[in-house]
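The values are calculated or read from the model by the stated rules, or taken from the named source; none is laboratory data. Keep in mind it's a predicted model, so treat the numbers as computed, not measured. Areas reflect the complete protein model, heavy atoms only, side chains present, ligands, DNA and RNA absent. Shrake-Rupley method; radii C 1.70, N 1.55, O 1.52, S 1.80 Å.
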Amino acid sequence: MYAHLGDRLVVETPADGVGRRVGEIVGLRHDDGTPPYDVRWSDTGDVTLVFPGPDARVQHGGGEQPAPGGEGRSDRSHGERVDPAVRTGRAGDIGRRLAAARRRRGLGLEEVARRARMAPQYLAYLETHTADPGFGSLVRLADALGTTYVELQGGGADLPSGQGRALRNPVLRDLDAQECRALLSTHGVGRLALTTQNGPAVLPVNYEVTDGTIAFRTAPGSTAAAAEGNEVAFEVDHIDDAMSQGWSVLIVGRGRAVTDPETVRRLDAAAHTEPWAGGGRSMWLVVDVERLTGRRIDPADGA
């Protein structure tokens with residue numbers, strides 16, 4: 001039996017009453033593709049080490065078993081054996097934390113895999129796909145990377161953002177208007193800053209982007225309603241603690257109440273979510289953009 005990463009392992013187990021199980025092969029223990037395999041089961045999402053028995057078969061592409069040493073078994077740019085299927089995935093939070101911790105330590109993928117006693121292909125899979133490795137795997141990886149299980153799991157998610165270590169060579173760059181508008185369109189919560197009778201206030205609000213303006217709902221007579229007719233600031237940001245990167249976009253403009261019934265109906269229909277604060281928040285306000293700026297923190301090229 002031979003397999004590549006991404007192949008399916010099908011196990012027929014009628015004798016024990018469990019029935020047919022199908023899983024994706026996410027880790028190879030031998031370069032020639034022979035068992036055992038790390039398999040992520042489709043019914044539970046768990047990854048287990050499997051020594052296939054006579055009731056197991058590998059499905060590859062159209063269902064045929066691949067020959068050993070097939071195409072795409074090595075990534076020559078890094079000297080690591082990685083299947084193309086690994087490189088086409090999308091990393092989840094755990095994967096990004098793993099990759100960031102490995103880079104901070106200056107370790108290669110194969111070295112970390114050796115320390116954690118797992119297949120390099122499986123570690124490459126974890127770093128590049130949304131995955132939920134088991135407790136034992138994360139404990140071994142944390143030990144290999146000189147970090148903790150809690151940190152790899154994102155245990156500080158409820159803590160204020162930005163408590164991680166700064167990049168070794170950070171670069172703070174200005175964003176142009178097109179970049180700012182693109183980032184604004186991806187988020188649903190921003191911060192409204194305005195001056196009230198009781199002094200300055202900053203309020204989180206659910207917002208929409210419509211016709212080049214920022215629109216949000218509030219209740220008549222609320223603090224946010226004081227934005228009507230006044231100059232305000234509106235800010236949206238994102239902090240990526242796993243990568244020690246982030247961006248912010250700032251709008252300065254004048255608040256304006258939406259009074260046209262048809263426009264209100266259109267905003268209600270297009271809204272992506274109800275206001276999280278609940279209550280009778282039926283008053284729409286928009287911030288007409290007078291000044292739009294943004295900045296991003298990135299690593300220096302080659303860092």
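Only protein atoms count toward the accessible area here, which uses a 1.4 Å probe; on the stretch 194-303, the carbon and sulfur part of that area reaches 50 percent.
Looking at the square roots a ≥ b ≥ c of the eigenvalues of the Cα gyration tensor of the stretch 187-268, which shape do they give, rounded for a/c under 1.5, prolate if a/b is larger than b/c, or oblate? The shape class here is oblate.
Here the contact order of the stretch 185-283, divided by its residue count and restricted to Cα pairs under 8 Å and six or more residues apart, works out to 28 percent. Using the Karplus relation 6.51 cos²θ - 1.76 cosθ + 1.60 with θ = phi - 60°, the per-residue 3J(HN,Hα) values for the stretch 292-299 come to 10, 9, x, 9, 9, 9, 10, x Hz, with x marking Gly and Pro.
Distant-in-sequence amide contacts of GLY246, defined by a placed amide H-H separation under 5 Å and a gap of 5 or more residues or a different chain, comprise ASP240, ILE297. Each residue of the stretch 223-231 is assigned a 3J(HN,Hα), and the resulting list reads 4, 5, 5, 5, 5, 4, x, 10, 6 Hz, derived from the Karplus form 6.51 cos²θ - 1.76 cosθ + 1.60 (θ = phi - 60°), x at Gly and Pro.
Amide hydrogen proximity for GLY92: with H placed 1.01 Å from N in the peptide plane, the residues at 5 or more positions away or on another chain lying under 5 Å are HIS129, THR130, ALA131.
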